[in-house]
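For reference, the structure discussed in these notes is given below.
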Amino acid sequence: MTNATAEKVDFYFDPACPWTYLASRWIRKVSAAKGIDVRYQPFSLLIKNRPLGIPDMYRAGVEYGLRVLRIVAAIGDSLDPDKANHVTAELYARVGDAYHQQGLGHSFDYLPVLEELGVADFAGAASDDSWDVPIEKSMERALELAGEDVGVPIVAVESAGSVQGFFGPILCRIPSDEEAVELYEHFAGLAKLGCFFELKRKKASGPSFA
């Protein structure tokens with residue numbers, strides 16, 4: 001199915017975030033169903049929350065996430081934009097599935113994935129903090145759209161020359177194909193309403209990856 005509105009979506013992610021992973025499974029379904037161009041953008045929760053202090057229970061995860069994002073930044077700097085986005089999408093999907101759905105967490109070895117994707121040469125970027133600079137620039141773009149007091153997921157919808165970004169959606173499970181498309185239609189509709197800012201309610205449950 002093609003998308004008559006020619007919408008494009010920027011999806012900002014940290015591989016370690018379970019809520020972002022669930023949202024990524026949603027947007028993958030939407031992209032497959034509607035042919036929407038989804039561009040995956042790095043956002044480090046370690047960098048974002050470092051000034052506030054990282055609780056010990058989260059530190060290993062966000063450090064792992066930053067290593068992956070440095071590789072993403074290096075890939076984005078070196079490859080053709082479409083190729084880089086394709087590789088990033090595949091890398092995040094594979095890492096996210098293993099980390100969250102398979103429960104491997106930060107013990108998952110992403111090096112074989114890099115080899116399969118033909119980007120093993122970028123593995124060294126994981127320990128090179130110079131790649132934090134483009135990650136921070138990506139984060140600045142996201143926070144300019146969604147506000148400084150949020151993390152990820154951040155989803156920005158570009159349609160008819162206008163871009164609106166929001167923190168969310170926060171989902172407790174992976175939606176069905178039908179639910180995913182319906183949610184996106186509502187989400188994109190709100191993005192087109194310039195006076196809309198926020199909806200929120202309490203979380204009824206933790207994330208489920210079944």
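The values are calculated or read from the model by the stated rules, or taken from the named source; none is laboratory data. Because the structure is predicted, anything quoted here is derived from the model rather than measured. FYI the Cβ positions are ideal-geometry reconstructions off the backbone, even for glycines, and counts take in every protein chain you see. To get the accessible areas, we keep the full protein, side chains included, count just its heavy atoms, and leave off ligands, DNA and RNA. Shrake-Rupley method; radii C 1.70, N 1.55, O 1.52, S 1.80 Å.
General remarks:
- In the stretch 166-194, the residues that are farther than 18 Å from Asp37 by Cα and open to solvent by 100 Å² or more (accessible area, probe 1.4 Å): Arg173, Glu178
- Test: residue in the stretch 171-188 that is of a type in the set (Gly, Ala, Ser), assigned to a strand (DSSP E or B) and out of contact with any Cys (no Cβ under 9 Å at 6 or more places or on another chain): no
- Note on the stretch 84-110: among residues that are without any contact (Cβ under 8 Å) to a residue 24 or more places away in the chain and under 16 Å from Phe13 (Cα atoms), the one that is surrounded by the most Cβ atoms within 10 Å (Cβ to Cβ) is Ala84.
- Any hit, the stretch 65-72, residues being among the basic types (Lys, Arg), open to solvent by 50 Å² or more (accessible area, probe 1.4 Å) and either under 20 Å from Lys137 (Cβ atoms) or modelled with pLDDT under 95 (or both): yes
- Contact map, the stretch 133-144: residues that are closer than 12 Å to Ala156 by Cα and assigned to a helix (DSSP H, G or I) paired with residues that are among the basic types (Lys, Arg) and open to solvent by 10 Å² or more (accessible area, probe 1.4 Å), Cβ distance under 9 Å, separation 6+ or inter-chain. Pairs shown: Leu143/Lys48.
- Given (1) closer than 21 Å to Arg39 by Cα; (2) open to solvent by 40 Å² or more (accessible area, probe 1.4 Å); (3) at pLDDT below 95, index of the condition Asp149 fails: (1)
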